[in-house]
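Below you'll find the structure, written out as structure tokens, and then a few comments.
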Amino acid sequence: MSKPDEMAAAEVFAAILDPTQRGDLYSHYHRLRDLAPVHADETLLGRRAWIVTRFADADRVLRDPDLHSDTSAIELFDTGASGRTFYEVMRKLLLYLDPPDHDRIRGLVTKAFTPRAVDARRPRIQAEVDRLLDRVEDAGKAELVADFGYPLPIAVICEMMGIPDSDRATFLAWAHDFARRGDVSAVTDEVIERGEIASAGFRDYFLDLARSRRRNLGDDLISALVEVEDETGRLSDEEVVSTCVILLQAGHETTADLISMAIRGLLLHPDQLALLRAEPARMAAAADEFIRWDTSVQISQRVGAHAVEVGGRTIPAGDVCVVMNGAANRDPERFPDPDRLDVERETTGHLGFGMGRHFCLGASLARAEIATAVGTFLARFPRFDFGEEPVFRPSLFLRGLARLPIHLG
Ligand code: HEM
């Protein structure tokens, strides 16, 4: 690549990282993909990383069994004694494990997330959606992130884990502080301290719950984790805690983000909104198009023990491939007219749920929650529009809206 192109690509990547430019993210992705589809960068991770924006390259990286989770990413969370509990929880997260530990632990919880298991949960998801929308209707207006997007997935996953209603508010606060601590770009002493309180809170709570489930098994996820211990070997306490935390964390913020971003997408594409109102049966398939069009998990990191060829460039062993899932999903080579939300399009193989070994465990559950939430919202509110401007959160790793004020009626 020529020197001027390299400099231009670095400038575009700086705009991608700029938290004030979240609304323009996808136009920057297009420019980077055109200039340097595999772009060498040292600013994102503080060491050399290869930014992958083309669909074919991203798909190839995620499917490659010789590329592993980037465990060095966890070291970024090592802030010493003051942040130890959070760091210990992160080290055993499924996302950062390789076989055989990864497959052993994933195998214990997979059953709870199959399409059939999710179907059995639909009445509970619907009931929670109805309850939240009753409150929105009574209020006559909504800030959809706080009033709808956020509380729904946390209620669903807490119920699956057997966490009683009375503990949900505490969980929501811990989940929030834990997620903030996970954003390496915004770590302050206060964030570390709150992250520790949240991590210790999760650890003590889940260990207690696991102990009580061992004595008295139920049909919740924590029982599933402890029940098979005799056959497959006992999960360590750390594994129990980290697995519960990833289910809770991966299971709520992502889905919450998608619900509000889908509603924003429909307001920006009135023809698609009209189509879904006229043909609600399309909603199940539309959920994947919402995720393709604007997704929450923007980045997946992988590292090879050997050098790999990606998009004509050689990535040395030990260097990180940073797959930009959102950029890949807007690659015109794979999805024609990619910036258009089109609920009739074929979305098979999109990378919003990742691909390969770490493919999202909760994809079926997320689809069910999004389709139920957005479908019911449309059915109950024949007219709605943007209130004040939506506000994006600064994070690039986990993209989402901080606020989506909506006028009803
Ligand atoms: C729309 C909502 C969601 C999106 C966009 C999403 C996206 C993703 C992505 C991209 C990955 C792969 C990350 C990587 O390769 O580095 C992933 C992994 C994962 N997701 Fe989701 N997710 C969503 C909802 C959920 C839900 C509802 C759950 C479960 C309760 C869940 C649980 C997980 C878990 C456990 C993993 C790690 C899997 C592994 O490492 O084997 N996710 N998700």
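Summing Lys and Arg as +1 and Asp and Glu as -1 over all other residues whose Cβ lies under 11 Å from the Cβ of Arg194 gives a net charge of -3. Highest GNM mean-square fluctuation among Arg33, Arg383, Arg334, for the chain modelled with Cα contacts below 10 Å: Arg383. Across segment 48-76, the residues whose backbone nitrogen lies under 20 Å from the label position 7 Å along the beta-carbon direction of Leu268 are 53-55. Could you pull out every residue, at least 5 positions away or on a different chain, whose amide H is within less than 5 Å of the one on Val320? Hs are placed 1.01 Å off N in the peptide plane, and Pro or chain starts have none. Correct list: Trp50. For segment 295-409, the normalised intensity computed at q = 0.10, 0.16 Å⁻¹ comes to -0.44, -1.02 (log10 of I(q)/I(0), Debye sum over alpha carbons, equal scatterers, no solvent). No solvent, one uniform scatterer per C-alpha: report log10 I(q)/I(0) for segment 165-281 via the Debye equation at q = 0.11, 0.18, 0.23 1/Å, two decimals. Results for segment 165-281 at q = 0.11, 0.18, 0.23 Å⁻¹ read -0.54, -0.95, -1.27. Among Leu108, Leu258, the ranking by other beta carbons within 10 Å of each residue's beta carbon, starting with the fewest, stands as Leu108, Leu258.
The calculated FRET efficiency for Thr20 paired with Asp219, based on their beta-carbon distance and R0 = 56 Å, is about 0.75. Full extension of the segment from Thr314 to Glu389, taken as 0.36 nm per residue of separation minus the current Cα-Cα distance, would add 22.7 nm. Here segment 56-113 and segment 243-319 have alpha carbon centers that stand 19 Å from each other. The modelled label-to-label distance between Glu42 and Ala120, using points 7 Å beyond Cα along the C-beta direction, is 5.4 nm.
Exposure proxy ranking for Arg63, Arg302, based on other Cβ atoms within 10 angstrom of each Cβ and starting from the fewest, stands as Arg63, Arg302. Within the chain, the proportion of C-alpha pairs whose separation exceeds 28 Å stands at 48%. For Ile154, Ile259, the sequence from fewest to most other C-beta atoms within 10 Å is Ile154, Ile259. Between Arg91 and Asp78, the modelled label-to-label distance comes to 0.9 nm, taking each label 7 Å out from Cα in the direction of the beta carbon. GNM on the chain, alpha-carbon springs under 10 angstrom: the most fluctuating residue among Asp385, Asp257, Asp319 is Asp385.
Applying 1/(1 + (r/R0)^6) with R0 = 22 Å to the Cβ-Cβ distance of Arg282 and Arg340 gives a FRET efficiency near 0.90. Note on segment 3-408: with charges restricted to the Cβ of Lys and Arg (+1) and Asp and Glu (-1), its dipole about the Cα centre is near 500 debye. GNM remark for the chain: springs join alpha carbons under 10 Å apart, and the peak mean-square fluctuation among Val343, Val187, Val320 falls on Val187. Along the chain, the longest continuous region that contains none of the GluC sites (Glu not before Pro) in a DSSP loop with at most 13 other C-beta atoms within 10 Å is 43-332.
Taking label points 7 Å from Cα along the Cα-to-Cβ direction, Asp101 and His176 give a separation of 3.2 nm.
Among Pro65, Gly83, Phe377, whose Cα sits farthest toward the positive end of the charge dipole of the chain (+1 at Cβ of Lys/Arg, -1 at Cβ of Asp/Glu, about the Cα centre)? Towards the positive end, the residue furthest out is Phe377.
Counting other Cβ atoms within 10 Å, which trypsin sites (Lys or Arg not before Pro) in segment 171-209 have at most 12 and lie in a DSSP loop? Taking segment 171-209 and a limit of 12 other Cβ atoms within 10 Å, no loop trypsin sites (Lys or Arg not before Pro) are found. Here the contact order of the chain, divided by its residue count and restricted to Cα pairs under 8 Å and six or more residues apart, works out to 25 percent.
Readers should treat all values here as calculations from the given coordinates under stated rules, not as data from a laboratory. These figures come from a predicted structure and were not determined experimentally. Quick reminder, even Gly has a Cβ in these numbers, built from the backbone with ideal geometry, and neighbours come from all protein chains shown.
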